[in-house]
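These notes are about the structure you will find just below.
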Amino acid sequence: MPLVDEFVLRTLKLAERLPAKRLASFFGFTDAEIEPVTADLVSAGLIVIRDDYIELHPSAHAHFRGSEDGAPRVVDVDPWIERLWFDLVSRNMMAPDRARPTRNLLDIRPDGMARELPVSFARKAFQENFAEYLRKVRRISNPDRFSLYSVSDVEPERFGSVVIRGTEELVFDPQPRLRPHLLEVETENFARFRPLANALNDAYRALRGAEPSAAALSEFSRILSDTTVARAHNEFEFFDYTMWMAQNVSERTPGRQPIIGAPYIARNADLFVKLLEDLPNLSSDDGKAVEIRWFRPGGSIWGITPDLQETIASIKSAVRRKRGKAKFRTKLIIPPVSRRENPKRFDRIFDEGFVAPSGHLSPAMEVLLVSGIGAIVVVRVAFSATVSAPVGFAIVDKLGLERIEKALKWERTRQRSEELWANIERAEEMVSTSSPIELEEFGED
């Protein structure tokens, strides 16, 4: 609203009714100068002119609010209903991730008061995030020129969840160490997000992976008939990644690519999918389902990422492109040591879940097997006294696959395994895309 218009309205609010000439002289205007001002306010329905007297239209009173000094203030009311998400740890506005959350993800516990007092929490969260709201939602480039007068109403609808993606990077500087990236925010906003960052970091530090072992290394070498990983250990019994890569360059096996990290991280999943897509077209097997068997390692850190279901979906798509319409059946096989890690949280990602018999496979090994098509086999090795990570191979060569399937002997192992779940409906439908997923964690509308 132009400044002159605002002062005219405020003057009329105080005086209630003034002659037009007196109003003009009060502002130092001539009759000709005050006329366009009053004409604009009349057309806006804010004032009325009767017998050369000017007064406020009854509807104009709704634009005024009181103030501490008692002077009336004109407020432009911009009615706007917005659905916003705030994290229940640090009260910051969140942008929901496109990934739909599943029960396998790490759950960050919210502030209990946020659930007990949702209206007051949401009101305070919006007030603290008003500038961010103007900038990110209303697309106002200079939000500091606006201030929030009041929040007329708050209606918390439900608690939900958003996915926060993080990464863990193995760096050598010069000693190997793992560097987590758990929360990517602008530097100037980090102080506001510190409570959430601390909660994420605490949850991350509580996770544990499988311990490297000589037995696992020996089993890896036997299953793959490959000694490069075992030979790439230095005099301190630590794995030398540079030495290993040099060996694989000189002893390269067609249809076999070295990888580092879990099979489901994006880089490794993309490499595996590329190997599958480079295969010749696959013949259909009389409608028999393609089995994706995932022999997971021990440790609570395994699988707490949307990358897990995304990898399964990308493998299915790659096989479908080479084989045409295909049916799939996914199986998760866990080592006995992981029984206490709530394995059923994966039951919406895998059609079936089993506990393998004791001694079947080392908890420090992991095998992702697409029956008759390809596999990823990794073993956890120690890079230093405090840092370990999986290394191994993505494989599509026929002899390698036959060796892996023979070593795993799933048909006999299945008879001695304990079944944890079997999704019958999905078995009948043979869905070939990622299953519907939910979460329980931490946002509020």
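The values are calculated or read from the model by the stated rules, or taken from the named source; none is laboratory data. Just so it is clear, the structure is predicted and the values come from calculations on it, not from any experiment. Because the Cβ atoms are built from the backbone with ideal geometry, glycine has one as well, and the counts that use them run over all protein chains shown. The area values use the complete protein model at the heavy-atom level, side chains included, leaving out ligands, DNA and RNA. Shrake-Rupley method; radii C 1.70, N 1.55, O 1.52, S 1.80 Å.
Just a few scattered comments:
- Meets criteria (among the hydroxyl-bearing types (S, T, Y), at pLDDT 80 or above, exposed (fewer than 13 other Cβ atoms within 10 Å of the Cβ) and outside any helix (DSSP H, G or I)) for S90: no
- Yes/no for E155 being open to solvent by 70 Å² or more (accessible area, probe 1.4 Å) and either touching a Leu at 6+ places or on another chain (Cβ under 9 Å) or in a helix (DSSP H, G or I) (or both): no
- Across the range 158-206, the number of residues qualifying as in contact with a His (Cβ under 9 Å, 6 or more places away or on another chain) and either among the acidic types (D, E) or open to solvent by less than 70 Å² (accessible area, probe 1.4 Å) (or both) comes to 3.
- Taken over the range 104-127, the residue count meeting the criterion of being surrounded by fewer than 17 Cβ atoms within 10 Å (Cβ to Cβ) and part of a helix (DSSP H, G or I) is 9.
- Complete set of residues in the range 314-334 that are more than 14 Å from L282 (Cα to Cα), in contact with a Lys or Arg (Cβ under 8 Å, 6 or more places away or on another chain) and open to solvent by 10 Å² or more (accessible area, probe 1.4 Å): K331
- Test: Y264 is closer than 22 Å to F295 by Cβ, surrounded by 17 or more Cβ atoms within 10 Å (Cβ to Cβ) and of a type in the set (F, W, Y): yes
- Residue match in the range 289-305 (condition: loosely packed, with under 15 Cβ neighbours inside 10 Å, touching a strand residue (DSSP E or B) at 6+ places or on another chain (Cβ under 9 Å) and in a loop (DSSP other than H, G, I, E, B)): no
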